[in-house]
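What follows draws every value from the coordinates through simple rules; no lab data is involved. Computed from a predicted structure; not experimentally measured. Cβ atoms come from the backbone with ideal geometry, glycine included; neighbour counts cover every protein chain shown.
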Amino acid sequence: MTSKLRRWLLFLIFLNGYVSLSLELVVLRQLGFFVGSSAVITSIIMGTFLGFMSLGYFRGASIRIRKMGAKSILRASFIIIAAIGVLAGSFALLSTYFSIMYMMGIRSGVVQTFIYSLVFLSVGPFLFGVNTALLSRYLNKFNINSTGSIMAWDTIGSVMGSLATTLLLMPFIGVNYTILLITVLALVGAYVARPAWHMIIWAAAILIPAQIINSNAFLLRTRGILVNNANSTISVADFGTGRILYMNGLPMSVHYKNNQSSAQYIDYINHNFLYNMPTDRTHDILILGAGGFTAGLQDTRNNYTFVDIERTLKDISEKHFLHQKLTPNKKFVVQDASQFLKNTPNKYDLIMLDVYSNSYQVPEDLITAEFLQRIKSRVKDGGIVIMNMVTSPNFADTYTRVFDNTFHAVFTSNTTRQTIGYYNPWTDTDPANIIYVWYNRGDDNRIYTINKTPVIYDRY
């Protein structure tokens with residue numbers, strides 16, 4: 001085997017590893033909009049991906065190369081992978097898939113993900129496995145000591161795909177154009193495996209529709225998508241009297257043009273906690289989860305720090321949602337909420353947590369006792385913590401009950417729980433905005449008993 005052939009084979013192994021990991025990460029990101037990114041969803045995607053890849057290894061090890069031609073098989077595999085990448089990752093096609101699921105009455109995110117995985121994540125990973133096995137056999141045919149190099153370059157490709165996709169491509173060029181890049185790389189692999197003039201036809205047949213449905217103009221026109229990057233899919237809808245900011249499938253903020261009001265729970269917080277703060281001094285307010293910056297929107301006196309991992313939120317909110325600049329007393333920090341609390345030396349008069357990332361869940365690490373303890377440590381004496389949770393008003397599900405236990409394990413006293421809007425406590429109702437509040441006041445852990453009831457001294 002010539003050194004040139006060996007380099008091309010190792011390059012294909014590297015490319016195969018790169019494209020496979022990059023596609024897997026894009027799929028996980030795109031599905032987060034529709035079904036969240038919980039451990040269950042991730043395990044279904046990864047399990048399906050790895051399972052079919054394993055079947056591909058078996059198949060690639062048993063193909064009779066001389067009869068079918070390894071180069072032709074590799075070229076066909078990469079072409080199919082390019083097409084599968086477009087089908088599995090394009091936002092417009094995923095939206096259509098989930099619309100069909102809802103029309104069929106399939107509303108469970110787990111079931112939707114499982115069906116999606118079997119349909120879209122079977123052929124591609126299977127072919128990744130076939131390619132790896134074929135390329136390994138080809139190299140070992142000439143040098144039985146190539147196993148280490150094969151494993152190394154496949155792993156290097158996977159590592160590069162992981163780092164480039166999450167740290168560079170999705171944040172800076174967007175998920176939609178990352179899909180196009182994956183498609184191009186797969187087609188490059190097809191051409192390198194076996195060059196032919198008709199590859200131009202295959203490339204055009206795949207890339208032209210891929211470019212159309214993944215272009216920013218198409219997504220903006222058909223879906224209203226303004227941002228689709230590693231963290232968020234953001235759109236703004238105008239309904240005449242106001243606008244709604246959507247983020248990862250959830251209507252994050254509402255802004256009414258005439259009276260400058262917002263979502264019902266934000267109005268509740270604004271009028272009961274923010275707009276009526278004492279005027280004797282300037283207060284420090286921390287908002288974890290910026291949304292559309294509607295919390296304290298009309299307050300120009302107190303100091304606000306908004307923290308969110310989505311760097312485009314301020315620009316999107318000012319230009320497309322609020323249609324106005326934030327006042328100078330509003331500061332925006334792009335950082336993970338937990339890391340911000342860990343690193344900041346500041347304490348605040350009021351901390352508000354509003355970090356739902358989609359219709360299904362709050363980020364799991366932000367509802368733990370450890371995270372709540374970090375919030376508690378950053379509150380000034382006499383300060384207040386407010387948490388907006390989307391849970392059951394009448395504790396009808398396990399998630400609601402366990403979170404309530406978690407909250408009270410940290411904030412053991414001086415707490416309230418307010419349901420926003422009407423609900424019937426005697427029937428199972430849809431989840432609602434539940435406002436948890438903790439007041440950082442003194443507590444001597446006493447209770448009144450029939451034997452000792454000094455109410456007159458405590459009250460007056």
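Built from the Cα atoms of the chain, the convex hull projects on average onto 29.2 nm², one quarter of its surface area.
Against the chain, whose longest principal axis is taken from its Cα atoms, helix 123-142 shows a tilt of about 40°. The C-alpha atoms of the chain define a longest principal axis, and helix 109-120 lies at about 20 degrees to it. Helix content alone sets the calculated 222 nm mean residue ellipticity of the chain: runs of n ≥ 4 DSSP H residues at -39500 (n - 2.57) each, divided across all residues, give -16000 deg cm²/dmol. Summing +1 for each Lys or Arg and -1 for each Asp or Glu among the other residues whose beta-carbon sits under 14 angstrom from that of ASN276 gives -3.
Taking only C-alpha pairs under 8 Å that are 6+ residues apart, what is the relative contact order of the chain in percent?
Values: 706 pairs, mean separation 63.6, N = 460.
Relative CO of the chain lands at 14 percent.
Electrostatic tally near LEU74: other residues with Cβ closer than 12 Å to its Cβ, Lys and Arg +1, Asp and Glu -1, net +4. The packing ranking, built from the mean of other Cβ atoms within 10 Å per residue, places the peptides 78-87, 32-41 in the order 78-87, 32-41, highest first. List the trypsin sites (Lys or Arg not before Pro) within the range 38-122 that fall in a DSSP loop (any state other than H, G, I, E or B) and whose Cβ has at most 16 other Cβ atoms within 10 Å. In loop regions of the range 38-122 (DSSP not H, G, I, E or B), the sparsely surrounded trypsin sites (Lys or Arg not before Pro) are ARG64, ARG107.
Calculate how large, on average over all directions, the projected area of the Cα convex hull of the range 303-447 is; give the answer in nm² to one decimal. With every direction weighted equally, the projected area is 10.6 nm².
Multiplying the residue separation of ASP444 and TYR422 by 0.36 nm and removing their Cα-Cα distance gives an extension gain of 4.4 nm.
Can you tell me the FRET efficiency between SER72 and LEU207 if r is taken as the Cβ-Cβ distance and R0 is 22 Å, rounded to the nearest 0.05? Here the calculated transfer efficiency is 0.55. Counting only C-alpha contacts under 8 Å and six or more residues apart, can you give the relative contact order of the range 115-237 as a whole percent? Relative CO of the range 115-237 lands at 21 percent.
If the segment from VAL111 to THR429 were pulled out straight at 0.36 nm per residue, it would be longer than the present Cα-Cα gap by 112.2 nm.
With a simple spin-label model that places each label point 7 Å from the Cα along the Cα-to-Cβ direction, the separation between ASN276 and LEU220 comes to 4.3 nm. What is the sum of charges around TYR348, taking Lys and Arg as +1, Asp and Glu as -1, for the other residues whose C-beta is under 13 Å from the C-beta of TYR348? Summing Lys/Arg as +1 and Asp/Glu as -1 gives +3. At q = 0.17, 0.23, 0.31 Å⁻¹, what base-10 log of I(q)/I(0) does the Debye formula yield for the range 1-56 when every alpha carbon is treated as an equal point scatterer in vacuo? Listed by q, the Debye log ratios stand at -0.65, -0.90, -1.16. Modelled spin-label separation between ASN394 and SER54, with each label point placed 7 Å from Cα along the Cα-to-Cβ direction: 4.6 nm.
Length available on full extension from HIS198 to MET151: 0.36 nm per residue minus the Cα-Cα distance, which gives 13.7 nm. Rounded to the nearest 0.05, the FRET efficiency derived from the C-beta distance between GLU364 and ARG64 at R0 = 45 Å is 0.40. Considering only the Cα atoms of the range 197-309, their convex hull presents on average a projected area of 9.4 nm². Over the chain, what is the percentage of antiparallel beta bridges among all DSSP beta bridges, to the nearest 5? In the chain, approximately 60 percent of DSSP beta bridges are antiparallel ones. Relative to the longest principal axis of the Cα atoms of the chain, the long axis of helix 147-163 makes an angle of roughly 40 degrees.
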